[in-house]
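Here the structure is laid out as structure tokens; the discussion comes afterwards.
The values are calculated or read from the model by the stated rules, or taken from the named source; none is laboratory data. As the structure is a computational prediction, the values presented were derived from the model and not from experiment. Cβ sites come from the backbone with ideal geometry, for glycine too, and all protein chains shown count toward neighbours. The accessibility values were calculated without ligands, DNA or RNA, using every heavy atom of the protein model including side chains. Shrake-Rupley method; radii C 1.70, N 1.55, O 1.52, S 1.80 Å.
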Amino acid sequence: DAGVTQSPTHLIKTRGQQVTLRCSPKSGHDTVSWYQQALGQGPQFIFQYYEEEERQRGNFPDRFSGHQFPNYSSELNVNALLLGDSALYLCASSQIAGAMKAFFGQGTRLTVV
Amino acid sequence: SQQGEEDPQALSIQEGENATMNCSYKTSINNLQWYRQNSGRGLVHLILIRSNEREKHSGRLRVTLDTSKKSSSLLITASRAADTASYFCATVNTGTASKLTFGTGTRLQVTL
């Protein structure tokens with residue numbers, strides 16, 4: 001079992017550009033959540049996808065959008081990048097009917113210059 | 001926004017000693033979970049305690065939950081150098097399904 005996989009591991013983008021991050025959930029999991037973790041802080045919830053729809057959303061602007069595919073994998077898109085978007089982006093998968101224990105990927109380190 | 005605070009922000013102990021970390025939160029919860037993070041990479045789930053439980057054990061880990069004080073503690077007994085990491089508490093708040101709300105974390109350093 002490969003667990004949760006994220007790609008790419010590192011990314012450098014310029015202000016104003018757009019970025020897409022990808023996540024494949026753990027086998028058997030149907031729910032994917034995305035978190036942003038700034039340096040020295042705890043992760044902050046961006047949004048959650050289940051059955052290809054956004055179920056919940058945190059306090060993030062519309063520049064942050066996502067998608068879930070029929071195979072449960074997910075993408076996080078960020079438009080019009082700002083310097084403040086530099087962070088570690090974490091994907092977590094879980095089962096909607098499970099005990100709410102989440103499995104995290106290793107994250108994508110995004111640097112905006 | 002963060003759910004609450006963790007205390008202490010940083011903790012340095014010697015191998016063999018016990019480490020205690022505390023977490024406070026603000027709202028009604030469904031459950032509280034503790035996660036570990038090595039070197040700013042992915043988080044690893046350690047233990048989950050439900051709102052109707054008061055104490056839970058898993059190996060060298062002991063978690064307590066006091067819903068009246070909206071607080072939890074994580075005790076790691078007989079610490080090892082490999083326990084060096086950041087530890088986060090995360091709550092699943094009532095009515096928010098499986099969304100995790102994280103605390104600010106405690107950085108634990110275990111020296112030989």
_Looking at region A:82-97, can you tell me whether even one residue there is of a type outside the set (Phe, Trp, Tyr), part of a loop (DSSP other than H, G, I, E, B), within 11 Å of residue A:13 (Cα to Cα) and touching a Gly at 6+ places or on another chain (Cβ under 8 Å)?_
no
*Within region A:99-113, which residues are assigned to a loop (DSSP other than H, G, I, E, B) and in contact (Cβ under 8 Å) with a residue 40 or more places away in the chain?*
A:102, A:105, A:106, A:107, A:113
*Restricting the search to region A:14-59, which residues are assigned to a loop (DSSP other than H, G, I, E, B), open to solvent by less than 30 Å² (accessible area, probe 1.4 Å) and either of a type in the set (Phe, Trp, Tyr) or facing another protein chain (nearest Cβ under 10 Å) (or both)?*
A:42, A:43, A:58
*Can you name the number of the only condition in (1) farther than 20 Å from residue A:91 by Cβ; (2) within 12 Å of chain A (Cβ to nearest Cβ); (3) part of a strand (DSSP E or B); (4) touching a residue at least 60 places away in the same chain (Cβ under 8 Å) that residue B:92 fails?*
(1)
*Criterion violated by residue B:64 - all others in (1) part of a strand (DSSP E or B); (2) at pLDDT below 95; (3) not acidic (Asp, Glu) satisfied*: (2)
*asked:* Restricting to region B:35-64, give me the number of residues that are over 13 Å from the mean Cα position of the chain (by Cα) and crowded, with 18+ Cβ neighbours inside 10 Å.
replied: 1
